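*Asks:* Here it is, the structure, as structure tokens.
The values are calculated or read from the model by the stated rules, or taken from the named source; none is laboratory data. Note that the coordinates shown come from a computational prediction; the quantities given were computed from them, not determined experimentally. No Cβ is skipped: glycine too gets one built from the backbone with ideal geometry, and neighbour counts run over all protein chains shown. We work out accessible area using only protein heavy atoms, side chains counted, and drop any ligands, DNA or RNA first. Shrake-Rupley method; radii C 1.70, N 1.55, O 1.52, S 1.80 Å.
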Amino acid sequence: MTWTPPLREELRGIEPYGAPQLDVPVQLNVNENPYGPSPALVADLGAAVTRAAGRLNRYPDREFTRLRSGLADYLTRESGSDVSADQVWAANGSNEVMLQLLQAFGGPGRTAVSFAPTYSMYPEYARDTNTRWVAGRRHEDFSFDLAHALDLIAREQPSVVILPSPNNPTGTALPPEVIDELADALSEGILVVDEAYAEFRRDGVPSALTRLAAHPNLVVTRTMSKAFALAGARLGYLAADPRICDAIRVVRLPYHLSAVTQAVAVTALAHADDLLAKVGDLRTERDNLVTWLRQTGYDVAESDANFVLFGQFSDRHAIWQGLLDHGVLIRETGPDGWLRVSVGTPDEMDAFRQALVEVDR
Ligand SMILES: Cc1ncc(COP(=O)(O)O)c(C=O)c1O
């Protein structure tokens, strides 16, 4: 019998999302933090997971109460704006947080909007929740085109607008006045500011968390995958009006955050200073990289993140492949002609610079 899986029509022929996971010496392609946890943290994580293991016959705390208050304290300290535990929600990576947001606030007959070039997963959340997807655009230099955005919002009346700040893959942060204007314009919808890379922002660039008290329809998402160097733990979270958290409770799967994940995340928060210690070094390394790329003659997008978009190449794939042949994996993403490189250790950045000089003679 010939049988084909009865996949939804709109999913047929689609390649699953995923950057190449290649075993090469210098991995600068998925914006990970190059620094692993300290031995003290590894020991504490081991002890916390052992304690959780003794109770794995029971379902975890569905409300992840300790974790929510730990995340609220961290956000308050990091942003200088008060965030309380009932304003916090968490899931398995900020990817899952955003999927839950679209499950609750998108859906058939509703529209979600973002502005290209931007994070390639957003249209997938929309597709998977049967939400109509509309992509606006940015200025040529990737800065935010507020007039165009307000026009698009007035025309499309979206239920959800998703905007990363800093934006992936360009690194561009959103000015706070843009957040105010968009939140006000969305009288019937929510504005999701995806701050996956917020801790890497330059001095003087405020977090969208500072605008939370002013806008009940503003949602700010964060992750432990980048600045906290815990991509493998899968913990993303958001801060918003408690009514938004209540709406997500309706769509989340039962006990979606495992006891092991909760134990790891609570322990990591107790070591936040240790985990975040390298963020300053990475910001310096990023600024040095931007300077070097510009001095070498490349166009470079302004970056408030732990990656840099640079170009422009007539054949970017050839450059990407050439770097890979030198053991350096970066990301072929963003507008044609541009490439994105994550910020690694000083040694990794040296390897990247040397390889680029040789490949792009
Ligand atoms: C803009 C942006 N948002 C969200 C994520 C997802 O992060 P995670 O699901 O690991 O929290 C990423 C990952 O690279 C990202 O670039």
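*Asks:* Quick one, could you list the DSSP H helices from the chain stretching 20 Å or more along their long axis (Cα atoms) with average Kyte-Doolittle hydropathy of -1.0 or above?
*Replies:* Taking the DSSP H segments of the chain (at least 20 Å long, mean hydropathy at least -1.0), we get 39-53, 65-79, 279-295.
*Asks:* Beyond 19 Å, what share of the Cα-Cα pairs of the range 246-342 remains, rounded to the nearest whole percent?
*Replies:* 61 percent
*Asks:* Taking the solvent-accessible surface of protein heavy atoms with a 1.4 Å probe, what is the per residue accessible area of the range 288-350 in Å²?
*Replies:* 39 Å²
*Asks:* Let me ask something else about it. With labels modelled as points extended 7 Å from the Cα through the Cβ direction, what inter-label distance (nm, one decimal) is found for Ala154 paired with Thr210?
*Replies:* Calculated label separation equals 2.9 nm.
*Asks:* Hey, another quick one. Please work out how much length the chain gains when fully extended from Asp273 to His139, using 0.36 nm per residue of separation minus the C-alpha to C-alpha distance, in nm with one decimal.
*Replies:* Difference between extended and current length: 44.6 nm.
*Asks:* OK, next. Using only alpha carbon positions, build the gyration tensor of the range 183-329, then give the equivalent ellipsoid semi-axes as the square roots of 5 times its eigenvalues, largest first, whole angstrom.
*Replies:* Each semi-axis is √(5λ); the values are 33, 21, 17 Å.
*Asks:* What is the set of long-range amide H partners of Asp194 at a cut-off below 5 Å, with H atoms built 1.01 Å from backbone N?
*Replies:* For Asp194, the qualifying residues are Leu163, Ser165, Thr221.
*Asks:* Would you mind computing Rg(Cα) / (2.2 N^0.38 Å) for the chain, counting N as its residues?
*Replies:* Rounded to two decimals, the normalised Rg is 1.00.
*Asks:* Identify the chymotrypsin sites (Phe, Trp or Tyr not before Pro) of the range 222-287 meeting these criteria: DSSP loop state and at most 14 other C-beta atoms within 10 Å of the C-beta.
*Replies:* In loop regions of the range 222-287 (DSSP not H, G, I, E or B), the sparsely surrounded chymotrypsin sites (Phe, Trp or Tyr not before Pro) are Tyr255.
*Asks:* If you don't mind, another one. For every helix of n ≥ 4 consecutive DSSP H residues, a contribution of -39,500 (n - 2.57) applies; sum these over the chain, divide by its total residues, and give [θ] at 222 nm rounded to the nearest 500 deg cm²/dmol.
*Replies:* Helix contribution divided over all residues of the chain: -11500 deg cm²/dmol.
*Asks:* Another question, then. With a 1.4 Å probe and every protein chain left in place, work out the accessible area per residue of the range 106-156 in Å², rounded to a whole number.
*Replies:* 46 Å²
*Asks:* If N is the number of residues in the range 240-280, what value comes out of its Cα radius of gyration divided by 2.2 N^0.38 Å?
*Replies:* 1.60
*Asks:* So if we plug the beta-carbon distance of His256 and Arg361 into 1/(1 + (r/R0)^6) with R0 = 51 Å, what FRET efficiency do we get, rounded to 0.05?
*Replies:* With a Förster radius of 51 Å, E is 0.50.
*Asks:* Using label points projected 7 Å from each Cα along Cα→Cβ, tell me how many nm separate Ser120 and Glu10, to one decimal.
*Replies:* 2.0 nm
*Asks:* Right, here's the next one. With a cut-off of at most 13 other beta carbons within 10 Å, and DSSP calling the residue loop, which GluC sites (Glu not before Pro) in the range 126-230 qualify? Please list them.
*Replies:* For GluC sites (Glu not before Pro) across the range 126-230 that sit outside H, G, I, E and B with at most 13 neighbouring Cβ atoms in 10 Å, the list reads Glu140, Glu188.
*Asks:* Could you quote the convex hull projected area for the range 209-270, Cα atoms only and averaged over all directions, in nm²?
*Replies:* Averaging across all directions leaves 5.1 nm² for the Cα convex hull.
*Asks:* Counting only protein heavy atoms and using a 1.4 Å probe, what share of the accessible area of the chain belongs to carbon plus sulfur, as a whole percent?
*Replies:* Percent of accessible area from carbon and sulfur atoms in the chain: 50.
*Asks:* Hey, rough spin-label estimate for Asp128 and Thr296, points 7 angstrom out along Cα→Cβ, what's it come to in nanometres?
*Replies:* Distance between the two pseudo-spin positions: 3.6 nm.
*Asks:* Please identify every one of the GluC sites (Glu not before Pro) in the range 17-94 that sits in a loop by DSSP and has no more than 14 other beta carbons within 10 Å of its own beta carbon.
*Replies:* Glu63
*Asks:* Test of understanding: express the Cα radius of gyration of the range 1-105 as a ratio to 2.2 N^0.38 Å, with N the residue count.
*Replies:* Cα Rg divided by the expected 2.2 N^0.38 Å: 1.55.
*Asks:* I would also like to ask the following. Extension gain Gln21-Glu177, at 0.36 nm per residue separation less the Cα-Cα distance, in nm?
*Replies:* 52.3 nm
*Asks:* Sticking with this one: In Å³ and rounded to a whole number, note down the convex hull volume per residue for the Cα atoms of the range 97-204.
*Replies:* Here the figure is 91 Å³ per residue.
*Asks:* Which FRET efficiency, nearest 0.05, do Arg243 and Ala47 yield, Cβ-Cβ r, R0 41 Å?
*Replies:* Approximately 0.65, to the nearest 0.05.
*Asks:* From zero up to wherever the largest Cα-Cα distance of the range 43-145 sits, split into 10 Å bins and tell me the percent of pairs in each.
*Replies:* Distribution as computed: 12, 26, 31, 22, 8, 1 percent.
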